[in-house]
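Worksheet: one structure, shown below.
Values in this text are rule-based calculations from the coordinates and carry no lab data. Note that the structure is a prediction, hence the values are computed from the model and not measured. Backbone-built Cβ (ideal geometry, glycine too); neighbour counts: all protein chains shown.
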Amino acid sequence: MLNLDSNIQFIKGVGEKRAKLFNSLGIFCVDSLIHFYPRKYEDWSASKNLEAVKSGETVSIKATLITPVKEAMIRRGLTLFKCKFSDGENVISVTIFNNKYLAKSLHIYEDYYLYGKIEKSLLNFSMNSPKIEKAENILAIQPVYPAKEKLTSRSISKIMKTALDELGEIEETLDDEIMQKYSLISLDKAIRSIHFPNSADDYLPARKRLIFEELLTLQLGLLKLKSNKKSETALVIKDDYSSEFEKLLPFNLTNAQKRTISECLQDMKSKYPCNRLVQGDVGSGKTAVAASLIYSVIKNGYQATMMAPTEILATQHYESLLKILAPAGINIRLLTGSTPAKEKKEIKKALFDGEIDLIIGTHALIQNDVAFKNLALVITDEQHRFGVKQRAQLAEKGEDVHTIVMSATPIPRTLGLILYGDLDISILDELPPGRQEIRTDVVDSRYHKRLYKFIKDAIARGEQCYIVCPAVEENETNIKSAEELADELANGEFKGYNLGILHGKMKPKDKEAIMKSFASGKVSLLVATTVVEVGVDVPNATIMVIENAERFGLSTLHQLRGRVGRGNKKSYCVLVSDAKGETARERLMTMKKYSDGFKIADTDLKLRGPGDFFGSRQHGLPELKIADMVEDMDTLQNAQECAKSILRNDFSLSNHPALKNQMNKMFENIKN
């Protein structure tokens, strides 16, 4: 008999070779198999007769095979099998492509169900490559799974059926009180019904239960992460030096910056570690907030560290913090992958001896041999580039340290509070004075000629420009990739200009070199994919052109727009799109209408759903298999309420072992 931990290869019909195909889908044991959900269902129960069918409709037809199957080889690698079926009144011609196994399994005068798109002309009916099942084997509602070439949805369905038949009753994770309160069916019934519903409505209660369970597990994990950080800390920051720090600045802080600094310091003055997400729009002054907190922590006798996702961003933070803090006698060093070995060794020793007050760096900071004398503050920049685990690894360099996560990706507050269950939130909702508005225009590709002249004029004035293209899939021929466009411009409109290219497939070292050339002014026109989204500060860049702008999420467009307008010159963002759809136009006009990232984020969620926010990144959170952060917002709130109630009475989850096991599994699979 199978149990949840049984290896996938021991299910009848799998074996070693097939197990590897399942492994490539992330399925290693029975537990991960039964949580591999159908992406949709086909209703074979509503069988129609041919007379009632419209041409082009996808339907299920019950019919008898009335001719032998004939084989015809069209060319090498393409064999057609042709035969005819009858529903008792009309005849339908069926063509099967390259499927000898199916063709051989069909027997004349036996009854079958055909499922597929029907073509109808006068009294002739035909189907190309329909799915065909024996009438007596038919499942009324057929699950359709995300499949691979050598592992079809049908074979996944067969293995799923075998596994569920051999598996005993699935252990319940929730108590009766919770199930009653939220009107949930049992876990065993939910798992069986999500895969093999008896009717079209049967899977809805199953979905409801499994979505609740997944979001509850997520919330338990996040709330426990947050509570772990509620253990008392010896690193209490006794004195607030923020007023003294302000005197070091050549400008005044905004009220939002002062409020955020105060919120963070209040946390640090309490007996518990500060654990806060500082969210601010592009240019809202997060670096000054970080500098103030670093200053207070160091003046209290401790060390601080700041981790950035790329070397160039780490270098930029190092240079700007050096300017502010070095005059106050603070010792700052930079540690990245390309720091020479000898210097690395010397930095690590000085850090361990307590001679360095602040160290800024990349992933190099979380290596095992990086040790601090008395680390009290960890700041990570752009949290969606780091998983929860990496933040924790850096925080473990000290004893119950204070943690600040900086993000320039605006997320609507309600979502943020739930998503970052392990963090408190401060929002910088005010731009420093003097930050100029970037003019945004939406045009179609007929404007290219005028646009190129506009860019040439700017370059002649000594300014710099970006042209950003979407990442292109191999089979897309109607859209130019960054490489193709750069090549075309370098040999055409911008021949003789210093043109650079930046795209995701380049080695990190090459990307850094190009960004350095652009930052230093050697390259005046940079053609890129979205790798510039979280990029270096180039005050001299004044024009951002985004090609096929409809292909980007609004939040990404807003991040890209924030790459210009960082100096004192008038800056422009031009969105180029030939999209005719109303939603696409509406989304792009939102960019013209708003400059506030939070308003844009709200609109993006409403118009586009969560894909753009979370995409494959999931912001360093565990991957969700059935729930949807936005669609299931109400369930998410119920799950959070339920998780808090469970942890209040049973913090160690010793009375909920199955739920605890589920939570541990979900969080051990976090993708960094």
Worksheet item: log10 I(q)/I(0), Debye, Cα-only the chain, no solvent, q = 0.05, 0.07, 0.10 Å⁻¹?
Response: -0.32, -0.62, -1.10
Fill in: Relative contact order for the chain, counting Cα pairs under 8 Å that sit 6 or more residues apart, in percent
12 percent
Worksheet item: Can you give the extra length, in nm with one decimal, that the chain gains between residue 161 and residue 479 once fully stretched, where that is 0.36 nm per residue apart less the Cα-Cα distance?
Response: 110.2 nm
Practice prompt. In nm, give the distance between the simple-model label positions of residue 105 and residue 255, each being 7 Å from the Cα along the Cα-to-Cβ direction.
Written response: 7.1 nm
Worksheet item: How big, on average over all directions, is the shadow cast by the Cα convex hull of the range 45-138, in nm²?
Response: 6.0 nm²
Worksheet, complete the sentence: Once Lys and Arg are counted +1 and Asp and Glu -1 for all other residues with Cβ under 14 Å from that of residue 239, the total becomes +1
Worksheet item: Could you give the nm distance between label points at residue 584 and residue 137, where each point is 7 Å from its Cα heading toward the beta carbon?
Response: 4.3 nm
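Stretch residue 57-residue 396 to full length: gain in nm at 0.36 nm per residue minus the Cα-Cα span?
Details: separation 339, 0.36 × 339 = 122.04 nm, distance 5.92 nm.
116.1 nm is the gain from fully extending residue 57 to residue 396.
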Fill in: Inter-label distance, nm, simple model (7 Å from Cα along the C-beta direction), residue 269/residue 180
4.8 nm
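Calculate how large, on average over all directions, the projected area of the Cα convex hull of the range 439-594 is; give the answer in nm² to one decimal. List each step's numbers first, then the result.
Details: hull surface 35.9 nm².
Projected over every direction and averaged, the Cα hull of the range 439-594 covers 9.0 nm².
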Item to complete: May I ask you to compute the full-extension gain from residue 172 to residue 97, defined as 0.36 nm times their residue separation minus their alpha-carbon distance, rounded to one decimal in nm?
Response: 22.5 nm
Worksheet entry | the range 83-124 residues near the modelled residue 43 label - backbone nitrogen below 18 Å, point 7 Å along Cα→Cβ | 114-118
Discussion item. How many angstrom lie between the Cα centre of the range 287-349 and the Cα centre of the range 197-261?
Written reply: 25 Å
Fill in: Cα-based reach from residue 480 at 27 Å (exclusive), listing lysines while leaving out same-chain residues under 8 positions away
449, 453, 456, 495, 505, 507, 509, 511, 516, 522, 580, 592
Worksheet entry | Spin-label proximity, residue 36 to the range 125-157 - amide N less than 16 Å from point 7 Å beyond Cα toward beta carbon | 143-157
Worksheet item: Among residues other than residue 103 whose Cβ falls under 13 Å from its Cβ, what is the net charge (Lys/Arg +1, Asp/Glu -1)?
Response: +3
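Can you give the local net charge around residue 519? Use residues other than it whose beta-carbon is closer than 13 angstrom to its beta-carbon, Lys and Arg +1, Asp and Glu -1. Present the calculation step by step, with values, prior to reporting the outcome.
Details: positive: 511, 516, 522, 563, 566; negative: 311, 319, 512, 537.
Once all neighbours under 13 Å are counted, the net charge is +1.
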